[in-house]
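Colleague: Quick one: the structure is below, questions incoming.
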Amino acid sequence: MFSRAERKGLRLAGGLTLGFVLCFAGVAAAVLLGHAESGDGGPLLDPYLVRVARFTLWQAALSTLLSVALAIPVARALARQRRFFGRVWLLRLAVVPLGLPALVAALGIVEIWGRQGIVNDLLHLAGLDNPVSVYGLAGILIAHVFFNLPLAARLMLAALDRIAPEHWLTAANLGMRGPALFRLVEWPAIRRVAPGIAGLVFMLCATSFTIVLTLGGGPAATTIEVAIYQALRFDFDPPRAVLLAALQILMTAALLGLIALIGRPDEEGATAGRPIRRFDGRHRRLSDGAILFLFAAFTGAPLIATLTAGLSADLGRLALDPLLHRALATSLAIAFASASLCLLLALPVVMTPRLADRGGTDATTRFLARALPATGSLILLVPPIIIATGWFLILRHFGDTTRHAPAIVAIINALMALPFVVRVLEPAFRTHLARTGRLALSLGVTGANRLLRIDLPALRKPLAMAFAFAMALSLGDLGAIAIFGADGFVTLPWLLFSRMASYRTADAAGIALLLGFLCLLLTLPSASAEPETKGRGNA
Amino acid sequence: MRNIILPTIAIFAALFSPPANAAEKTLTIYTYESFVADWGPGPEVAAAFEKTCACKIEWVGLADGVELVTRLKLEGESTKADIVLGLDTNLIAEAKATGLFAPHRLSPEGLTVPGGFSDDTFLPYDYSHFAVVYDSQTLKDPPKSMKELVEGDPAEKIVIEDPRTSTPGLGLLLWMKAIYGDEAGAAWSRLKDRVLTVTPGWSEAYGLFTRGEAPMVLSYTTSPAYHVIAEGTGRYKAAAFAEGHYIQIEVAGMTRTARDTDLARAFLTFMTGPDFQSIIPETNWMMPAAATHEPLPAAFEALVKPEKTFLMAPEDVAANRKAWIDEWLAAMSAK
């Protein structure tokens, strides 16, 4: 499906990308490993850490199971009901939690599920006197599902939307209903993306820090990420932090390997590119409506609580605050740069492995086809604080570290967004290639021509969605800035935390509102690229 | 693709643009972020000091005191800091161990820090006691001692901070240790049922508290002053504990590598003087460490003034921290 020159180009791009990602993270880790100071940290695997590791995996596995399992009915309902008021907004919801700092989201969840939250108020009205406590495993699971259910549903919906529209027509002609339709048409599409989604959600939950501590109820709920932070900050034992991160990667990689065994790539169906029409939507309107209402209430309520808290801030004064303007400009510039870089890195990660689709390739290609997706996922497990600290140590030999901070933060954000972007682009590209690859090759449309005239236009929608995800993630990120933090380099989350740390909770809520609003804006391009609204097919 | 690459390069180039040129003598001060924020003491302090010295203060604002020490360890002798302002007494031993600080050789008079803190390297600039802050609208009968807090009704919850990741968390750990000694583990086991949750930092805990999730939070005796002065509400109060309160003293010191030691020393002298001290209460929301020009605002006079102050020697804290945190973990993680 690729010309000889394309194969060469893709191998080169894949090699460069792999080299860049591994070097950027590896160099930082190596520098920290060499920065042994006290070395009195004791053995790495003490009983405390074993307990922490066990809890990390346990809560992440439960969170993943819940998020992915609940996403299936939501994605099916969304795929069936293609026209209803607010559908576009429901889809956009998936991006907003990504752009909110974990602390903001945690407080939003508490507004709903906390001791003084709406749920307990309702239970009280119903005659239950003892408040239900969210603090503990329940709180962690609720928060993780809040973050990841919309993401998983959105990715699954994209998979369902890639099913050739002819299949729905045929299925309707054959009189297929519910279970048969699910088993024969929907499930194969979901099964193909489910391992990737589950892997992503698992990694996000395994590295959760603020949510786990704040809603966990006590130190019995501690993740390895907390231990890494503790090792690097309070105990200042950089090598231990790196070893803990390595442990986190090994453990998760082993589990992701298991998950990957479940999935199996399917054959792609050809399509003439007709608009999707679902013939089974009408009978399911009531049950789908109920599912989507619950979904909207579950993900929407904490967001609305967060946003209304923001409305009570003195928004007029905030809007005129020059510091806020600077933070906004810095945040947007960094988010844009990091999302652009992320897409540049993601394209080879997505495209190069396809070289190995039909055997007979050389060892280099087979290596890249395995190493690129693995690296593109597992990078999420390298704590940004480790990369940032490592690069700080390197850059201080090259003059003022503050000058380099924006670039380092942007690159770290790009790497952290890579797994999301790959999850969005990979299945879309696979389908696209199956549908157009042979034709393009036989017509001699190759190289840059093919990329610009065939690939990018057809992938416009997933690209816009990936870009929105990457920008939102970067907007809400605080992690990497802390170590560089200096006068003059202020981002929105940084400003939010600093207001919060000096009693200015209303201001902080106002900034959170701004972040949420920005994330919604980001989704506008990807929504306008919806093929249905333009009445066009997606090929 | 090109339409993405070009703006990206442009943005990176813009981000790399060189910083403004420094004029005359500069004094670089590393501190925590909220000190240099618009509403913090930083801008006023800089203006007041620059009037006396024909120099310019350059602030570097880091996340918190712990981050300050980390940053110094990372930078070593190449640090640009002339002054490091914002460590607390628990970080002193670690900071000294870096070997980067120089003795201040000053003997300021009229320091008013309870417990009589004195150190050859670090000078105090403000302090506050840790305290349980409660919501007087929902908690009518606040605990009057640590004993009452530990043994009180488990249905009335408190939010505390994690000693593994935050200074207030460590403060409470030391406070309990100072009161209960070898019985601290047992006391934590009793208190555990009252603890709603343990947050990574002060902001999360205080956020939960002001949202009404718990009627009590571990904070500072000075916290109510902010609510009175800035928000005009006397709703949040600090509970006075009969056993006494653990103190957090914020200190500053000059580095061995300071470019102009006279200037650095001049700043430390200025720091304990009334010009600096008068700025502290209503910008940093802490008690001044020395005399101010005017008497303190009424809201500060009304704060809890502990009769007994606990403070452990920095070396003892450094030597025992890990063991005490392990004791805390064991008590708090038990089912």
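The values are calculated or read from the model by the stated rules, or taken from the named source; none is laboratory data. Computed from a predicted structure; not experimentally measured. All Cβ positions, glycine included, derive from the backbone under ideal geometry; neighbour counts span all protein chains shown. Accessible surface areas use protein heavy atoms only, side chains included; no ligands, DNA or RNA. Shrake-Rupley method; radii C 1.70, N 1.55, O 1.52, S 1.80 Å.
Colleague: At least 1 residues that are under 23 Å from A:Leu521 (Cβ atoms), touching a residue at least 40 places away in the same chain (Cβ under 8 Å) and basic (Lys, Arg) in each: list the helices (runs of 4 or more DSSP H) lying fully within segment A:411-502 that qualify. Full working, then the answer.
Modeller: Values: elements: A:447-450, A:460-475, A:481-484, A:492-501.
Correct list: A:460-475.
Colleague: Collect the residues in segment A:204-221 that are under 25 Å from the mean Cα position of the chain (by Cα) and facing chain B (nearest Cβ under 8 Å), keeping them in residue-number order.
Modeller: Within segment A:204-221, A:Phe209, A:Thr210, A:Leu213, A:Thr214, A:Leu215, A:Gly216 qualify.
Colleague: Taking A:Ala529 as meeting all but one of (1) open to solvent by less than 40 Å² (accessible area, probe 1.4 Å); (2) modelled with pLDDT of 85 or more, write down the number of the exception.
Modeller: Here A:Ala529 meets the rest and fails (2).
Colleague: Here's another thing I want to ask about it. Of all residues in segment A:1-29, how many are buried (at least 17 other Cβ atoms within 10 Å of the Cβ) and aliphatic (A, V, I, L, M)?
Modeller: 7
Colleague: Yes or no: A:Ala69 among the small types (Gly, Ala, Ser) and outside any helix (DSSP H, G or I)?
Modeller: No.
Colleague: B:Gly42 - would you say it is buried (at least 21 other Cβ atoms within 10 Å of the Cβ), within 13 Å of another protein chain (Cβ to nearest Cβ), without any contact (Cβ under 8 Å) to a residue 24 or more places away in the chain and not hydroxyl-bearing (Ser, Thr, Tyr)?
Modeller: yes
Colleague: Hey, among the residues in segment B:241-264 that are assigned to a strand (DSSP E or B) and not hydrophobic (A, V, I, L, M, F, W, C), which one's surrounded by the most Cβ atoms within 10 Å (Cβ to Cβ)?
Modeller: B:His245
Colleague: Answer yes if at least one residue in segment B:33-51 is of a type in the set (D, E, K, R), closer than 15 Å to B:Asp82 by Cβ and either modelled with pLDDT of 85 or more or touching a strand residue (DSSP E or B) at 6+ places or on another chain (Cβ under 8 Å) (or both), and no otherwise.
Modeller: The answer is yes; a qualifying residue exists.
Colleague: Taking the criterion of being open to solvent by less than 10 Å² (accessible area, probe 1.4 Å) and either aromatic (Phe, Trp, Tyr) or touching a Cys at 6+ places or on another chain (Cβ under 6 Å) (or both), would at least one residue in segment B:220-240 satisfy it?
Modeller: no
Colleague: Contact list please: Cβ distance under 9 Å, first residue in segment A:126-138 and over 30 Å from A:Trp58 (Cα atoms), second residue open to solvent by less than 70 Å² (accessible area, probe 1.4 Å) and polar (S, T, N, Q), pairs at least six apart or on different chains.
Modeller: Pairs that qualify, where the first residue is over 30 Å from A:Trp58 (Cα atoms) and the partner is open to solvent by less than 70 Å² (accessible area, probe 1.4 Å) and polar (S, T, N, Q), are A:Leu128/A:Asn120.
Colleague: Of all residues in segment B:145-192, which are acidic (Asp, Glu) and either surrounded by fewer than 24 Cβ atoms within 10 Å (Cβ to Cβ) or not in a strand (DSSP E or B) (or both)?
Modeller: Passing the criteria: B:Glu148, B:Glu151, B:Asp153, B:Glu156, B:Asp162, B:Asp182, B:Glu183.
Colleague: For A:Ala356, indicate whether it is at pLDDT below 90, open to solvent by 50 Å² or more (accessible area, probe 1.4 Å) and more than 27 Å from A:Glu225 (Cβ to Cβ).
Modeller: no
Colleague: Can you tell me which residue in segment B:267-315 is most open to solvent (accessible area, probe 1.4 Å), limited to those that are touching a Gly at 6+ places or on another chain (Cβ under 7 Å) and part of a loop (DSSP other than H, G, I, E, B)?
Modeller: Going through the qualifying residues, I end up with B:Glu307.
Colleague: What pairs can you find where one residue is in segment A:60-85 and touching a residue at least 60 places away in the same chain (Cβ under 8 Å) and open to solvent by 10 Å² or more (accessible area, probe 1.4 Å), the other is acidic (Asp, Glu) and in a loop (DSSP other than H, G, I, E, B), and their Cβ atoms are less than 8 Å apart, with a gap of 6+ or different chains?
Modeller: Between residues of segment A:60-85 that are touching a residue at least 60 places away in the same chain (Cβ under 8 Å) and open to solvent by 10 Å² or more (accessible area, probe 1.4 Å) and residues that are acidic (Asp, Glu) and in a loop (DSSP other than H, G, I, E, B), the close pairs are A:Arg80/A:Asp280.
Colleague: Looking only at segment B:210-249, filter to residues that are under 15 Å from the mean Cα position of the chain (by Cα) and within 16 Å of B:Glu282 (Cα to Cα); which one of those is nearest to the other protein chains (Cβ to nearest Cβ)?
Modeller: Ranking the candidates gives B:Ser223 first.
Colleague: Considering B:Thr52, B:Thr31, B:Thr79, which residue is in contact (Cβ under 8 Å) with a residue 40 or more places away in the chain and more than 11 Å from every other protein chain (Cβ to nearest Cβ)?
Modeller: B:Thr52
Colleague: Check A:Gly139, A:Gly114 and return the single one that is within 11 Å of chain B (Cβ to nearest Cβ), more than 17 Å from the chain's Cα centre (by Cα) and under 30 Å from A:Ala417 (Cα atoms).
Modeller: Only one candidate passes the filter, namely A:Gly139.
Colleague: Continuing with the same structure: Can you confirm whether B:Lys25 is open to solvent by 50 Å² or more (accessible area, probe 1.4 Å), more than 9 Å from chain A (Cβ to nearest Cβ) and in contact with a helix residue (DSSP H, G or I) (Cβ under 7 Å, 6 or more places away or on another chain)?
Modeller: yes
Colleague: Which one of B:Ser278, B:Ser223 is touching a residue at least 60 places away in the same chain (Cβ under 8 Å) and closer than 23 Å to B:Tyr32 by Cβ? Before you say what the answer is, go through the steps one by one.
Modeller: Values: B:Ser278 fails: touching a residue at least 60 places away in the same chain (Cβ under 8 Å).
Exactly one of B:Ser278, B:Ser223 is touching a residue at least 60 places away in the same chain (Cβ under 8 Å) and closer than 23 Å to B:Tyr32 by Cβ, namely B:Ser223.
Colleague: Here's another thing I want to ask about it. Is it the case that B:Ala258 is in contact (Cβ under 8 Å) with a residue 40 or more places away in the chain and within 14 Å of chain A (Cβ to nearest Cβ)?
Modeller: no
Colleague: To continue, here is another question. Can you work out which of the residues in segment B:52-69 that are of a type outside the set (D, E, K, R) and more than 16 Å from the chain's Cα centre (by Cα) is most open to solvent (accessible area, probe 1.4 Å)?
Modeller: Top of the filtered list is B:Thr52.
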